[in-house]
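In what follows, a single structure is set out as structure tokens and then discussed.
All of the numbers you see were taken from the coordinates with simple rules; none came from a lab. Just so it is clear, the model here is predicted, and its values are computed rather than measured. Glycine also receives a Cβ, built like all others from the backbone with ideal geometry; neighbour counts cover every protein chain displayed.
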Amino acid sequence: MRVKKAIFPVGGLGTRFLPATKALPKEMLPVVDKPLIQYAVEEASAAGITEFIFVTGRNKTAIEDHFDHSTELESVLTAKGKHDALKLVQEMMREPGSVSYVRQQEPAGLGHAVWCARNLVGDEPVAILLADDLIKGPSALQEMISAYEGGNMVAVMDVDPSETAAYGIITAGKDDGRQIEVKDVIEKPAPDKAPSNLAVVGRYIIEPQLFEQLGTQDEGAGGEIQLTDSLAARIGKAPFTAMRFSGTRFDCGSKLGFLQANIAFALDRADLSDDLRQWLKDADLG
Ligand code: UTP
């Protein structure tokens, strides 16, 4: 089934990353030399997404500027003959009119952020990508869209049983190794209450009917309007599937995950990997 729109919720406060995120949006933190949000947009593009909807908040104007022309920069790069750098900043531009922004006036939770995009989505399925869940490898969203046949779909990965309280956790039904029937999902269960160790990571495809459910604005875990609660409420009314994606996910909303992502992505870069590998070998880091 064709999915052509994607929502990028970027309205959160990024409190785990203070003070860096006091004035800088968390989604603009760079992994090597590219902001997290650009990785997410590239993953969506690779999956065939052509309409990009950002749910922003106050202090997030750097994201809008990032996806717009910087005329002064481009004219300086042109004048100095820095063609590679110019290509880099021009190639990331999307087709005019394909990027929209809507403001979430208060950070009331991920479910609320997604609901704020309802009028821009209309009556069709839409993808959701959380930029702080950075996935290295093939586009996870592409894998999901290829398998999507309607209803709701989430990406999942196995986590250590001690970590369930940091995630939405599914109750698994039929499992073919890649696609899993979701019988229930609960937000942030303690390890002794978790129905499995299959954790939802930040990639979703939702049916348009979910917006009505989100509109009930019921608060869930942490006093926030949770996306998972609305997904759970649609069980039995629409198919709900989880997809084990093949890439590696880094939790760039946490400091450790962010550091690991920087090292993993840098080790893959031709211009950095040899020197970094050598330094890691030589440096007495322990
Ligand atoms: P997180 O809970 O990871 O982000 O939400 P956060 O609240 O910004 O971070 P911490 O926990 O305070 O450090 C996951 C995603 O949902 C978005 C965030 O921007 C992030 O991409 N989000 C969250 C919103 O857009 N609005 C919200 O009200 C909450």
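Mean shadow of the chain, computed from the convex hull of its alpha carbons, in nm²?
16.9 nm²
Net charge around Asp229, counting only other residues with Cβ within less than 14 Å of its Cβ (Lys, Arg = +1; Asp, Glu = -1)?
Working: positive: Lys188, Arg234; negative: Asp184, Glu187, Glu212, Asp218, Glu219, Glu224.
Its environment carries a net charge of -4.
I want to make sure I understand the PRE zone here: with the label point 7 angstrom from the Cα of Leu24 toward its beta carbon, which residues in region 247-275 have backbone N atoms less than 18 Å away?
So the set is 251-266.
Multiplying the sequence separation of Lys237 and Ala190 by 0.36 nm and subtracting their Cα-Cα distance, what value in nm do you get? All intermediate terms of the calculation are to be shown ahead of the outcome.
Details: separation 47, 0.36 × 47 = 16.92 nm, distance 2.76 nm.
Difference between extended and current length: 14.2 nm.
How compact is region 218-286 by the rule of thumb for globular proteins, expressed as Cα Rg over 2.2 N^0.38 Å?
1.81
As an exercise, find the ratio Rg/Rh for region 113-260 from alpha-carbon atoms, using the Kirkwood inverse-distance average for Rh. Provide the component values of the computation, followed by the final result.
Numbers: Rg = 14.6 Å, Rh = 15.6 Å.
That ratio equals 0.93.
Filter the chain for me: DSSP H helices, axial length by Cα at least 15 angstrom, mean Kyte-Doolittle hydropathy not below 0.0. List them by residue number.
Details: long enough: 36-46 (16 Å, 0.48); 255-267 (18 Å, 1.20).
Taking the DSSP H segments of the chain (at least 15 Å long, mean hydropathy at least 0.0), we get 36-46, 255-267.
With 19 Å as the limit, write out which pairs from Lys136/Lys255; Lys34/Lys255; Lys4/Lys87; Lys34/Lys136 have Cα-Cα distances beyond it, or answer none. Write down the numbers at each step before the final one.
Values: Lys136/Lys255 17 Å; Lys34/Lys255 17 Å; Lys4/Lys87 26 Å; Lys34/Lys136 13 Å.
Correct reply: Lys4/Lys87.
Based on alpha-carbon centroids, what's the gap between region 247-286 and region 40-111 in Å, whole number please?
Cα centres, region 247-286 to region 40-111: 25 Å.
To the nearest 0.05, what FRET efficiency results for Ala79 and Leu13 with a Förster distance of 41 Å applied to their C-beta separation?
0.55
Go through Gly222, Ala242, Leu256 and say which Cα lies farthest out towards the positive end of the charge dipole of region 200-286; charges sit on Cβ, +1 for Lys and Arg, -1 for Asp and Glu.
Positive-most Cα among the choices belongs to Ala242.
Which residue, Leu86, Leu214, Leu110, has the most motion in a Gaussian network model of the chain that connects Cα atoms within less than 10 Å?
Leu86
List Ile63, Ile135 from most exposed to least, where exposure is judged by having the fewest other Cβ atoms within 10 Å. Mind showing how you got there, number by number?
Values: Ile63 22, Ile135 25.
With the fewest neighbours first, Ile63, Ile135 line up as Ile63, Ile135.
For Lys183, go through the lysines and keep the ones whose alpha-carbon is under 25 Å away, minus same-chain ones fewer than eight residues off.
Lys174, Lys193, Lys237
List Leu73, Leu285, Leu134 from most exposed to least, where exposure is judged by having the fewest other Cβ atoms within 10 Å.
The most exposed by this proxy come first: Leu285, Leu73, Leu134.
Run the dipole for region 49-98 about the Cα centre, Lys and Arg Cβ at +1, Asp and Glu Cβ at -1, nothing else charged, and hand back the magnitude in debye, nearest 20.
160 debye
Percent antiparallel among DSSP beta bridges with both residues in the chain, to the nearest 5?
If I count the DSSP bridges inside the chain, around 60 percent turn out antiparallel.
Run the quick spin-label model on Ala46 and Lys87: label points 7 Å from Cα toward the beta carbon, then report their separation in nm to one decimal.
So the label points at Ala46 and Lys87 sit 2.0 nm apart.
Have a look at the DSSP beta bridges in region 140-254 and tell me what percent are antiparallel, nearest 5.
75 percent
Which value in nm describes the separation of the simple spin-label points at His69 and Trp279, placed 7 Å from the Cα toward the beta carbon?
The two pseudo-label positions are separated by 3.6 nm.
Return His66, His83 ranked ascending by Cβ neighbour count within 10 Å, so the fewest neighbours appear first.
Listed from fewest to most nearby Cβ atoms, that is His83, His66.
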